[in-house]
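Written below as structure tokens is the structure these notes are about.
The values are calculated or read from the model by the stated rules, or taken from the named source; none is laboratory data. Everything numeric here is computed off the predicted structure, so don't read it as measured data. Cβ placement follows ideal geometry from the backbone for every residue including glycine, while neighbour counts extend to all protein chains displayed.
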Amino acid sequence: MFSGGEPTLQSGIKQAMTEVRELGFRVGLHTNGAYPSHLAELLPLTSWVGMDIKSTFANYDRVTGTPTSGEKSRKSAQLLLASGVPYEFRTTVHPIYHSTTLLLELAEELQQLGAKHYMLQEFRPQGCADEAFKSIHGDQNLLKDLLCNRLEDMFESFTVRRN
């Protein structure tokens, strides 16, 4: 499994993945999709990809602070879906960035792209360096049954990971 930070930025990742495959192992990749051209090179070497989807694509810049990050994430999602590699899209829910309405819009965007596998996970403050950010626990009602039931009907597989 290749993960941590953004693994697609590592200069030796393609060689490392190739070596792991040559040893007969399956290769997993966790990515945020910020570098679609890097992901495109690595997809043929992967057996599974977990891709973080931070927000609706139009709202991405608010979460990442990086202009055009939503466009790059959408492109990576499209590449992943077109590749046929097994995957999971996932969103970490935090009350600063997510509302029920936004999460439904995001799910609709993913569904329109052709996504079949989606997961929401609760934000965990452990290990978060930003004290102000981690102190806002908010109301996890965003992950209540009504929202989850609606999302469950939209995807072949939908799960919620709770703390």
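For every residue, the table says whether it meets (1) surrounded by 12 or more Cβ atoms within 10 Å (Cβ to Cβ); (2) under 24 Å from R26 (Cβ atoms); (3) modelled with pLDDT under 70.
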| residue | (1), (2), (3) |
| --- | --- |
| E105 | yes, no, no |
| K116 | yes, yes, no |
| E152 | yes, no, no |
| S157 | no, yes, no |
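Check the stretch 24-35 and report whether any residue there is of a type in the set (G, A, S), in a helix (DSSP H, G or I), buried (at least 18 other Cβ atoms within 10 Å of the Cβ) and touching a strand residue (DSSP E or B) at 6+ places or on another chain (Cβ under 9 Å). Full working, then the answer.
Filtering the stretch 24-35 for residues of a type in the set (G, A, S) gives 24, 28, 33-34.
This time we only want the ones that are in a helix (DSSP H, G or I), so: none.
Among the residues of the stretch 24-35, not one is of a type in the set (G, A, S), in a helix (DSSP H, G or I), buried (at least 18 other Cβ atoms within 10 Å of the Cβ) and touching a strand residue (DSSP E or B) at 6+ places or on another chain (Cβ under 9 Å), which makes the answer no.
Counting only residues that are among the aromatic types (F, W, Y), give me the helices (runs of 4 or more DSSP H) lying completely in the stretch 47-129 with at least 1 of them.
60-64
Before we move on, is S99 more than 18 Å from F155 (Cβ to Cβ), polar (S, T, N, Q), loosely packed, with under 14 Cβ neighbours inside 10 Å and modelled with pLDDT under 95?
yes
Only one of M1, M51 is under 13 Å from the mean Cα position of the chain (by Cα) and either modelled with pLDDT under 95 or within 15 Å of E88 (Cβ to Cβ) (or both). Can you tell me which?
Going through M1, M51 in turn, just one is under 13 Å from the mean Cα position of the chain (by Cα) and either modelled with pLDDT under 95 or within 15 Å of E88 (Cβ to Cβ) (or both): M51.
Tell me, please, whether a residue that is among the aliphatic types (A, V, I, L, M) and at pLDDT below 95 can be found in the stretch 69-91.
no
Among the candidates Y97, Y35, single out the residue that is under 20 Å from Q121 (Cβ atoms) and within 16 Å of the chain's Cα centre (by Cα). Steps first, please.
Values: Y35 fails: under 20 Å from Q121 (Cβ atoms).
On inspection, the qualifying residue turns out to be Y97.
Of all the residues that make up the stretch 51-66, how many are crowded, with 17+ Cβ neighbours inside 10 Å, of a type outside the set (S, T, Y) and either over 24 Å from F158 (Cβ atoms) or touching an Asp or Glu at 6+ places or on another chain (Cβ under 7 Å) (or both)?
Counting residues in the stretch 51-66 that are crowded, with 17+ Cβ neighbours inside 10 Å, of a type outside the set (S, T, Y) and either over 24 Å from F158 (Cβ atoms) or touching an Asp or Glu at 6+ places or on another chain (Cβ under 7 Å) (or both) gives 1.
Restricting the stretch 36-50 to residues that are out of contact with any Leu (no Cβ under 6 Å at 6 or more places or on another chain) and small (G, A, S), which is surrounded by the most Cβ atoms within 10 Å (Cβ to Cβ)?
The selected residue is G50.
Based on this model, can you work out whether E6 counts as surrounded by 12 or more Cβ atoms within 10 Å (Cβ to Cβ), at pLDDT below 95 and among the acidic types (D, E)?
Details: surrounded by 12 or more Cβ atoms within 10 Å (Cβ to Cβ): yes; at pLDDT below 95: yes; among the acidic types (D, E): yes.
In short, yes.
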